[in-house]
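The structure appears right after this line, and notes come after that.
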Ligand code: SF4
């Protein structure tokens, strides 16, 4: 079977044909992935596209300014958010790659080794405290320090979950889950192992190494754990032992499926907002400041953590609402998502983003320009796929991978 995407537009994001497959073993890859990166730009119909991995999801105020400036100077003045919490710049002009790389490097947004740029795929609970966020920083350091990690595909995904189950529900290949006792569970290939908090990042890396060994043994070129042939052993225990990580297997441990943070103020004085259809102007992006830091979420939004109390949070929400962000959970736009569509994607049969809108009784709803359904949500949703200019086929996806 050839690689699943004929179009690198949304490579690196899950899509509907992959859902529900499990470890069916019917995938044979005959080449590496072609996911775009910040240094490997993809030529789209509206210019070049750069996808920037944000392994911890955290941006400093300076990095927010640098990205907004790059969008204005080099791109189309917008920033797009992906379902993995990545940031994309689109409409980049010919020959702007070097200038973009220089700006990103200067802002500390690229790894020391550029070969690792596309393997830093990680989603992190955006309301996580310092301990769990530090796991993500440490895992990124470890990932970028090893040569072998460059063999991971641009689709291989780590999740670092603070225990609430929000990013654990996103179907990552390796999930680190914080436990109340201060330990962590590392989940991979349907098994779970309890490790100490101090060992958690190294355990996640060892789990990825075990996957790569299994992928080599299978010889099917799997990019993700679920693409391994059925029955292919992933010997996590051996790799944990080799990494000197003390681990206890935990039978029957299920990954939790928690809800993402709702738009609005959270209990700890943080503020969560969503970007309408996952795209913001550079001016909106700058409107996230002032903030100590900005966290990009895999639900195409932002968290401003720990503002100076409830009054400050309310004030920021008012300002962000005025700037065009979705700031309330009951906003109908909170349930609307769309692929890139025209003019950015040649495959699109319609200008999806112009067509997309909330519709009574159809939330959540995802609008797609073709059957690839790039960027669709998880779980159940109303599925609108373009059949022509402004016309859509509507189905209801009720279970991952099946429709009625
Ligand atoms: S039209 Fe939309 S769903 Fe189809 S390939 Fe393009 S971006 Fe993806």
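Things to note:
- Two-site FRET efficiency, residue 346 against residue 318, from Cβ-Cβ distance with R₀ of 45 Å, rounded to 0.05: 0.65
- In nm, spacing of pseudo-spin labels at residue 73 and residue 396 (7 Å Cα→C-beta vector): 5.1 nm
- Extended-chain gain in nm, criterion 0.36 nm per residue less alpha-carbon gap, residue 216 and residue 242: 7.5 nm
- For the chain, the share of DSSP beta bridges that are antiparallel, to the nearest 5, is 75%.
- Computed from the Cβ-Cβ distance with R0 of 30 Å, the FRET efficiency linking residue 191 to residue 148 stands at 0.90.
- Taking every DSSP beta bridge that has both ends in the stretch 334-403, the antiparallel portion is near 55%.
- Averaging the sequence gap over all C-alpha pairs within less than 8 Å and six or more residues apart, then dividing by the number of residues, gives the chain a relative contact order of 17 percent.
- Length available on full extension from residue 34 to residue 254: 0.36 nm per residue minus the Cα-Cα distance, which gives 76.0 nm.
- Between the stretch 351-368 and the stretch 39-99, the alpha-carbon center distance in angstrom: 25 Å
- Averaging Cα coordinates gives a centre for the stretch 273-349 and one for the stretch 230-262; these two points are 33 Å apart.
- Relative contact order %, the stretch 128-260, counting alpha carbon pairs below 8 Å whose residues are six or more apart: 26 percent
- Relative contact order (%) - criterion: Cα under 8 Å, at least six apart; region: the stretch 221-375: 18 percent
- Secondary-structure-derived ellipticity at 222 nm for the chain, considering helices only, amounts to -6500 deg cm²/dmol, per-run term -39500 (n - 2.57) for DSSP H runs with n ≥ 4.
- With the cut-off at under 18 Å, measuring from each backbone N in the stretch 103-130 to a point 7 Å along the Cα-to-Cβ line of residue 292 picks out 125-130.
- Potential lengthening between residue 389 and residue 141 on full extension [0.36 nm per residue; Cα-Cα distance subtracted]: 84.6 nm
- Highest-MSF residue in the chain out of 256, 343, 290 [GNM, Cα springs under 10 Å]: 290
- Cβ crowding within 10 Å averaged over residues, with 142-154, 207-219, 239-251 ranked highest first: 207-219, 142-154, 239-251
Each reported figure results from applying straightforward, stated rules to the coordinates on display, with no laboratory input. Everything numeric in this text was worked out from a predicted model, so none of it was measured. Quick reminder, even Gly has a Cβ in these numbers, built from the backbone with ideal geometry, and neighbours come from all protein chains shown.
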